[in-house]
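Take a look at the structure set out below.
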Amino acid sequence: MKKIIELQNIKRNFQVGDETVHALRGISFTIYEGEFVTIMGTSGSGKSTLLNTLGCLDTPTSGEYLLDGVSVRTMSKPQRAVLRNRKIGFVFQNYNLLPKTTAVENVELPLMYNNSSISASERRKRAIESLIAVGLGDRLEHKSNQMSGGQMQRVAIARALVNNPAVILADEATGNLDTRTSFEILVLFQKLHAEGRTLIFVTHNPEIAQYSSRNIRLRDGHVVEDTINPQILSAAAALAALPKNDED
């Protein structure tokens, strides 16, 4: 099975005044192609620092990080940016869409950054295909301010998919959504998992772990739990069971 992410004794220290804060204290795990992994932890567990490390936004103080076989730790900032754009699709809690810009234009953005040789017509074609894949074929020309939170998150997922990245990294991707819309997004993530995508879902919500294939839990900069989910719950079944007026 292909290794997508490999962390070997990752440590990350921060200097705060005279004090050294040990945010990550020797994190080691491997994520394989096609896994749907939740990374959980309360505030102060090291979850955000780990997310920034996995996303090539920050480099460890020590240890080794391999992303799709490429060593990250000794890379320069520009090299990390290139690797990040090619290998990782990000989905954020706040969507991070450009305002007053259509769904297609938002999804085209990574293609503009990554490969200037792609023609405008090819960019548009790929963006439309990606939006259709997340169920937004009828919202192509809608702007961010004309869409619901769930629709904006689907645009963000389409944008993450358009480059065909090695891994999709989601940060609290259901955090701003009501219960019904959260399950709709989880249905989409389970569909992507079924298609063989590698997904990492960083969350503080323990319920999410029931819908993934594996759960990694952090506490005080350590991995305290790394378990395979023996029975993955169906988000589609959970969605169908919700009362029709459930908008919590």
Checklist entry - Taking the condition under 24 Å from L131 (Cβ atoms), surrounded by 19 or more Cβ atoms within 10 Å (Cβ to Cβ), in contact with a strand residue (DSSP E or B) (Cβ under 9 Å, 6 or more places away or on another chain) and among the hydrophobic types (A, V, I, L, M, F, W, C), does L199 pass? => result yes
Checklist entry - Hey, among the residues in the stretch 73-104 that are farther than 27 Å from I128 by Cβ and of a type in the set (S, T, N, Q), which one's least open to solvent (accessible area, probe 1.4 Å)? => result S76
Checklist entry - Is there a residue in the stretch 67-75 that is on the phi > 0 side of the Ramachandran plot, at pLDDT below 90 and not in a strand (DSSP E or B)? => result no
Checklist entry - For the stretch 105-156, how many residues meet the condition of being under 23 Å from R84 (Cβ atoms), among the β-branched types (V, I, T) and buried (at least 18 other Cβ atoms within 10 Å of the Cβ)? => result 3
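Here is a yes/no grid of residues against (1) in contact with a Lys or Arg (Cβ under 6 Å, 6 or more places away or on another chain); (2) assigned to a loop (DSSP other than H, G, I, E, B); (3) farther than 21 Å from N52 by Cα:
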residue	(1), (2), (3)
A156	no, no, no
A173	no, yes, no
G196	no, yes, yes
P230	no, yes, yes
Checklist entry - For the stretch 183-197, does any single residue satisfy the condition of being within 21 Å of A81 (Cα to Cα), touching a helix residue (DSSP H, G or I) at 6+ places or on another chain (Cβ under 9 Å) and of a type in the set (V, I, T)? => result no
Checklist outcome for this item: Every listed condition ((1) modelled with pLDDT of 95 or more; (2) in contact with a Leu (Cβ under 8 Å, 6 or more places away or on another chain)) holds for L233 save (2)
Checklist entry - Counting just the residues of the stretch 101-143 that are small (G, A, S) and in a helix (DSSP H, G or I), which one comes out modelled with the lowest pLDDT? => result A120
Next on the checklist: I need the strands (runs of 3 or more DSSP E) fully contained in the stretch 1-61, keeping only those with at least 1 residues that are at pLDDT below 95 and open to solvent by less than 70 Å² (accessible area, probe 1.4 Å).
Outcome noted: 19-32
Checklist entry - Within the group A166, A236, which residue is surrounded by fewer than 21 Cβ atoms within 10 Å (Cβ to Cβ) and under 30 Å from I118 (Cβ atoms)? => result A166
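The values are calculated or read from the model by the stated rules, or taken from the named source; none is laboratory data. As the structure is a prediction and not an experimental result, all values here were calculated from the model. Virtual Cβ from ideal backbone geometry, glycine too; neighbours counted across all protein chains shown. Calculation scope for accessible area: heavy atoms of the full protein, side chains included, ligands and nucleic acids excluded. Shrake-Rupley method; radii C 1.70, N 1.55, O 1.52, S 1.80 Å.
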